[in-house]
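Trainee: Structure incoming, see below.
Just so it is clear, none of the values below were taken in a lab; they were calculated from the coordinates. Worth saying up front: this structure is predicted, and the values here are computed from it rather than measured. As a convention, Cβ positions derive from the backbone with ideal geometry for all residues, glycine included, and neighbour counts pool all protein chains shown.
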Amino acid sequence: MGVTHIPVLREEVADNLASNTGRLFIDATVGGGGHSSFILTRYPDLNLLGLDVDEGNLKTAEARLREFGGRVTLIRGNFRNLKAILQQAGISSFDGILFDLGLSTYQLTGARGFSFHDESFLDMRMDGREALTAYDVVNKYNYEALKRVILEFGEEYRAGRIAKVITEERKKKPITTAKELAEIVGKAKKRTGKIHPATKTFQAIRIEVNEELNSLRSGLADAIDMARPKGRIGVISFHSLEDRIVKEMFRGSASLSIVTKKPIRPGREEVLSNPNARSAKLRVAEKK
Ligand SMILES: C[S@@+](CC[C@H](N)C(=O)[O-])C[C@H]1O[C@@H](n2cnc3c(N)ncnc32)[C@H](O)[C@@H]1O
């Protein structure tokens with residue numbers, strides 16, 4: 001495979017979300033199985049159900065978690081349907097759950113339109129069974145819709161200008177790759193500092209394509225509902241839109257006690273060895 005996804009804050013996740021007394025842990029974003037493998041090793045009596053929408057990632061998890069045999073069940077599904085998926089699997093409650101949001105390294109490096117240099121089709125779907133692609137958003141949304149997506153999901157103050165340049169460029173020819181999109185956004189917004197000028201636009205389009213914020217709201221509501229008393233719910237978020245939803249849903253739920261008054265952040269050492277961890281925030285709550 002060549003690349004490995006390094007699980008973010010894995011010690012902190014294992015310390016705060018799972019324990020030897022628990023029986024069932026749900027990894028709602030099993031990805032390459034990094035967190036799952038660490039948790040299963042640390043807590044030998046724990047069983048785990050792993051969920052992911054991405055077929056390729058689920059295969060990676062399957063290979064990685066094979067050594068744990070019957071302790072692991074893997075299901076391809078979207079955590080926005082968490083309750084239905086668990087109920088179908090005969091599960092009515094659990095002791096701990098992790099949502100590790102964002103992309104895995106396998107997705108970022110998989111030539112699927114997620115990264116600025118991709119010259120393959122502008123896709124950005126985590127679940128290849130869904131209809132809407134980034135190509136559709138970029139080439140078919142009208143100016144107003146495109147501007148709204150970039151402003152709302154990218155918190156990009158240049159949203160109007162970027163949407164205008166995109167709609168002008170696509171009249172000449174459709175925008176078919178992530179590289180083309182990154183260059184077009186680069187024309188509309190000059191680079192300031194180290195961050196690529198298309199970072200926020202890419203985030204926005206990815207959120208739109210995968211309905212990430214609504215999925216998070218729905219998955220988290222189901223998790224709050226189904227956790228056992230004393231069960232732990234943890235979310236690792238990577239940008240402020242996600243973190244705000246987690247913070248507000250945790251605070252707004254009368255059935256939860258907040259475990260992390262302030263989010264847990266990776267230390268300097270972790271960020272140095274895994275720069276993808278730099279914006280991670282882990283929030284944990286406990287069911288009353
Ligand atoms: C950051 S990765 C998780 C990495 C994993 N914790 C590990 O250590 O290998 C996030 C994963 O969540 C999956 N994902 C994102 N949104 C999802 C959703 N709504 N339902 C299920 N899986 C989702 C992605 O496909 C990706 O594999």
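Trainee: What list of ³J(HN,Hα) values in whole Hz, one per residue of region 213-224 in order, does the Karplus curve 6.51 cos²θ - 1.76 cosθ + 1.60 (θ = phi - 60°) give from phi, with Gly and Pro shown as x?
Mentor: Those phi angles translate into 6, 5, 4, 4, 4, 5, x, 5, 4, 5, 5, 4 Hz.
Trainee: Taking only DSSP H segments of four or more residues, each worth -39500 (n - 2.57), what value at 222 nm results for the chain once the sum is divided by all its residues, to the nearest 500 deg cm²/dmol?
Mentor: Numbers: 13 runs with 129 residues, N = 288.
Calculated mean residue ellipticity at 222 nm is -13000 deg cm²/dmol.
Trainee: From Cα pairs below 8 angstrom and at least 6 apart in sequence, can you work out the relative contact order of the chain, rounded to a whole percent?
Mentor: Values: 512 pairs, mean separation 54.8, N = 288.
That works out to 19 percent.
Trainee: Given a 10 angstrom Cα cut-off, can you work out which residue in 192, 177, 201 is the most mobile in a GNM of the chain?
Mentor: Of 192, 177, 201, the most mobile in the Gaussian network model is 192.
Trainee: Right, something else. Please identify, among 242, 208, 269, the residue showing maximal mean-square fluctuation in a Gaussian network model of the chain using a 10 angstrom Cα cutoff.
Mentor: 269
Trainee: Rank 194, 247, 83 by mean-square fluctuation in a GNM of the chain with C-alpha springs under 10 angstrom and give only the top-ranked residue.
Mentor: Fluctuation is largest for 194.
Trainee: Which entries in 247/287; 164/200; 187/281; 140/200 show an alpha-carbon gap greater than 24 Å? Kindly include the intermediate steps, with their values, before the conclusion.
Mentor: Details: 247/287 15 Å; 164/200 16 Å; 187/281 32 Å; 140/200 20 Å.
Beyond 24 Å: 187/281.
Trainee: On to the next question. What Kirkwood radius, in Å to one decimal, follows from the Cα pairs of region 172-228?
Mentor: On the way: mean 1/r = 0.0724 Å⁻¹.
After inverting the mean inverse Cα-Cα distance, the result is 13.8 Å.
Trainee: Additional query: I'd like the Kirkwood hydrodynamic radius of the chain, using the inverse of the mean 1/r over distinct C-alpha pairs, in Å.
Mentor: Values: mean 1/r = 0.0508 Å⁻¹.
Value: 19.7 Å, from the Cα pair sum.
Trainee: Provide the net charge surrounding residue 39, with neighbours chosen by a C-beta distance below 14 Å and charges set as Lys +1, Arg +1, Asp -1, Glu -1. Don't jump to the answer; show the numbers that get you there.
Mentor: Working: positive: 10, 23, 42, 64, 71, 232; negative: 11, 12, 15, 27, 45, 67, 95, 100.
Cβ neighbours under 14 Å give a net charge of -2.
Trainee: Can you tell me the mean projection area, over all orientations, of the convex hull of region 180-270's alpha carbons? Units nm², please.
Mentor: Values: hull surface 33.1 nm².
Average projection, Cα convex hull of region 180-270: 8.3 nm².
Trainee: Turning to a different aspect of this structure: Can you work out the base-10 log of I(q)/I(0) for region 72-166 at q = 0.12 1/Å, using the Debye formula on its C-alpha atoms alone?
Mentor: -0.58
Trainee: What's the Cα-based Rg to Rh of region 221-278, Rh via Kirkwood?
Mentor: Across region 221-278, the Cα-based Rg/Rh ratio is 1.03.
Trainee: Which GluC sites (Glu not before Pro) from region 80-145 combine a DSSP loop assignment with at most 12 other Cβ atoms within 10 Å? Walk me through the intermediate numbers first.
Mentor: Values: sites: 119, 130, 144; in loops: 119, 130.
Taking region 80-145 and a limit of 12 other Cβ atoms within 10 Å, the loop GluC sites (Glu not before Pro) found are 119.
Trainee: Suppose we take every Cα in region 109-210 and form the convex hull; what volume per residue is that in Å³?
Mentor: Details: hull volume 8.9 nm³, N = 102.
Taking the convex hull of the Cα positions in region 109-210, it is 87 Å³ per residue.
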